[in-house]
Amino acid sequence: MKVDAASDDSGARRVQEVAMGYYSSQALYVAARLGIADLLSAGPLSAAGLADAAGADSDSLFRVMRLLAGQGIFDMDSDGRFLLNPAAEHLRSGERGTMRDLVLVFGEEFYQAFEQLLVAVRTGRDAFTISFGRGLFDYLAKYPDRGRAFDRAMGAGAVFFSAVPQVYDFDAVQTVVDVGGGNGTLLGAILAANPQLQGILYDAGPVVEAAAGNLHEQAVAGRVRGVAGNFFNSIVEGGDIYLFARILHDWTDDQCRTILGNCRRAVNPGGRILIIERLLPGGYATATDVNMLAVTGGRERSEEEFGTLMEGTGFRLGRVIPLPLEYNLVEGLSV
Ligand SMILES: C[S@@+](CC[C@H](N)C(=O)[O-])C[C@H]1O[C@@H](n2cnc3c(N)ncnc32)[C@H](O)[C@@H]1O
C-alpha cells in the first residue's frame, strides 16, 4: 500500500500544478510589461541582450524567460537565446489582435482583485470593489488611462471578433448598435465585412470618444455614429440588431433584465439581439465565471439561462452559433 501511494503522485502533482498557476501568469505579465516580444521582433536575443534593452536584471530575466519557454511561450535555442514563436507573437504591441494589453490588465488590476477572492467568497461581494474601493467600471471612469488600457485589452480579441461577420448574415440589416462596444473593434470588423451597414457605438462618453481613432484605422469611421449613454437608463433607438459582446456577464440577472428591457424599447420592429459570451458548462466559461465573480460581480450563464433571462423582456432565444476561443453568439428574437 505504502509503495503504491508513493508511486502514484498524480493527485499531489495536480494540486501542485494548480497552486503554482500564478508563477506562469505573473511571468507572462512580466514579459508583456517589459515588451520582450517587441524586442525579439528583429531576431533572437540572449537574456543579457534582452535585459539590457528592457532595463532588467539579466539572470532574473533569464529564469523567467526559461519558465515561459518551457510553457510554450517563446522558444529558447541551444545557445540559450530566446525567439518569438506563434504564442509569443500575440504579445507584440501595436499589432491588431495582440493579446498584450489583455495580459497587462490581467496581471495588474485583475491579479490585485483576486487577492480578495476569499473575502468575496465569504461575503458574496465582488473582489474588485473590496480591493479598489469602487466597482470596475467606476474605477475605469475615474482613472482614464486605466480605462483606455481596459478598452485596448477588450479590443484584443480579434480572432473571435473577425469570425462574427463570417458566421452571421448581416445582409438584410441596415443598422447595428454595439451596446457597450468598447473601442469599436467588433463593430469595425462587422462593418468592414458589410459595406451596406451603418453602425452605432453606444458606451460611456470617454469610451466612445477614445474609440474614434480605432474606427478610423479600421476605415469604417464614416459609417459609425458614437452615442454616449448609460444602458441602465436607456439605449439609443433605431437599430435592427443590438450587439451585447461580453456585456451581460458583467451583471446580475436583475441588472441584465433592466438592460434587455431598455433594448426592447429601442430596437426596430422585428429586430434582434446578438449576445456574445462563453456558455456554461464549458472549460473557459467555468474559469471566466470566477473571474466575473472577482472583478465585476456578474456571472457566466448557460444557453438555457440566457433563454430564461430573455423571458419577460420581449425577446426569445434564437440560434446559438459557436465562435473561436469558446465564445458563442446567442441570438435573441423580438416577440
Ligand atoms: C467587458 S467590456 C466589453 C467591451 C466590448 N463589447 C468587447 O466585447 O470587447 C464592457 C463595456 O461595457 C461598457 N459599460 C459598462 N457599464 C456601462 C453602462 N452603464 N452603460 C454603457 N456602457 C457601459 C464599458 O465601458 C465597456 O466598454
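Per-structure values
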read-out	value
Flag for Arg246 being within 14 Å of the ligand (Cβ to nearest atom), within 22 Å of Arg148 (Cβ to Cβ) and under 22 Å from the mean Cα position of the chain (by Cα)	yes
Selection count where residues are assigned to a helix (DSSP H, G or I) and surrounded by 14 or more Cβ atoms within 10 Å (Cβ to Cβ), scope the stretch 222-233	1
Subset of the stretch 242-284 (residues that are assigned to a helix (DSSP H, G or I) and either closer than 16 Å to Val176 by Cβ or among the charged types (D, E, K, R) (or both))	Asp250, Asp253, Asp254, Arg257, Cys263, Arg264, Arg265, Ala266
All positions within the stretch 140-166 that are open to solvent by less than 30 Å² (accessible area, probe 1.4 Å) and within 11 Å of the ligand (Cβ to nearest atom)	Leu140, Gly147, Phe150, Asp151, Ala153, Gly155, Ala156, Gly157, Ala158, Phe160, Phe161, Val164
Residue within the stretch 196-208 that is within 15 Å of the ligand (Cβ to nearest atom) and closer than 20 Å to Thr98 by Cα present	yes
Check on Thr258, within 14 Å of the ligand (Cβ to nearest atom), among the hydroxyl-bearing types (Ser, Thr, Tyr), modelled with pLDDT of 95 or more and open to solvent by 30 Å² or more (accessible area, probe 1.4 Å)	yes
Any hit, the stretch 5-14, residues being of a type outside the set (S, T, N, Q) and within 25 Å of Val295 (Cβ to Cβ)	no
Any hit, the stretch 175-188, residues being surrounded by fewer than 23 Cβ atoms within 10 Å (Cβ to Cβ), of a type in the set (A, V, I, L, M) and more than 9 Å from the ligand (Cβ to nearest atom)	no
All helices (runs of 4 or more DSSP H) inside the stretch 132-201 with 1 or more residues being more than 17 Å from the chain's Cα centre (by Cα), over 20 Å from Ile235 (Cβ atoms) and among the aliphatic types (A, V, I, L, M)	158-167, 185-193
Restricting the stretch 282-335 to residues that are open to solvent by 70 Å² or more (accessible area, probe 1.4 Å) and among the acidic types (Asp, Glu), the residue that is nearest to the chain's Cα centre (by Cα)	Glu326
Every residue from the stretch 12-31 that is open to solvent by 100 Å² or more (accessible area, probe 1.4 Å) and within 25 Å of Leu91 (Cα to Cα)	Tyr22, Tyr23
Those residues of the stretch 208-221 which are β-branched (Val, Ile, Thr) and either exposed (fewer than 15 other Cβ atoms within 10 Å of the Cβ) or at pLDDT 95 or above (or both), in sequence order	Val208
Top-ranked residue in the stretch 213-233 [being of a type outside the set (A, V, I, L, M) and within 15 Å of the ligand (Cβ to nearest atom); ranked as nearest to Met154 (Cα to Cα)]	Asn214
Residue in the stretch 234-241 that is within 13 Å of the ligand (Cβ to nearest atom), farther than 24 Å from Tyr327 by Cα and open to solvent by 40 Å² or more (accessible area, probe 1.4 Å) present	yes
Listing of helices (runs of 4 or more DSSP H) fully contained in the stretch 1-44 that carry 2 or more residues being at pLDDT 95 or above	10-19, 21-33, 36-39
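For every residue, the table says whether it meets (1) in contact with a helix residue (DSSP H, G or I) (Cβ under 6 Å, 6 or more places away or on another chain); (2) surrounded by 20 or more Cβ atoms within 10 Å (Cβ to Cβ); (3) hydroxyl-bearing (Ser, Thr, Tyr); (4) not assigned by TED's automatic domain parsing to the domain that holds Tyr23.
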{"residue": "Ile73", "(1), (2), (3), (4)": "yes, yes, no, no"}
{"residue": "Met76", "(1), (2), (3), (4)": "yes, no, no, no"}
{"residue": "Asn85", "(1), (2), (3), (4)": "no, no, no, no"}
{"residue": "Gln112", "(1), (2), (3), (4)": "yes, no, no, yes"}
{"residue": "Arg125", "(1), (2), (3), (4)": "no, no, no, yes"}
{"residue": "Phe128", "(1), (2), (3), (4)": "yes, yes, no, yes"}
{"residue": "Gly135", "(1), (2), (3), (4)": "yes, no, no, yes"}
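The values are calculated or read from the model by the stated rules, or taken from the named source; none is laboratory data. From a predicted model like this one, the values you see are computed outputs, not experimental measurements. Heads up, the Cβs are rebuilt from the backbone with ideal geometry, glycines too, and the neighbour counts pull from every protein chain shown. Please note that ligands, DNA and RNA were not included when accessible areas were found on the heavy atoms of the full protein model with its side chains. Shrake-Rupley method; radii C 1.70, N 1.55, O 1.52, S 1.80 Å.
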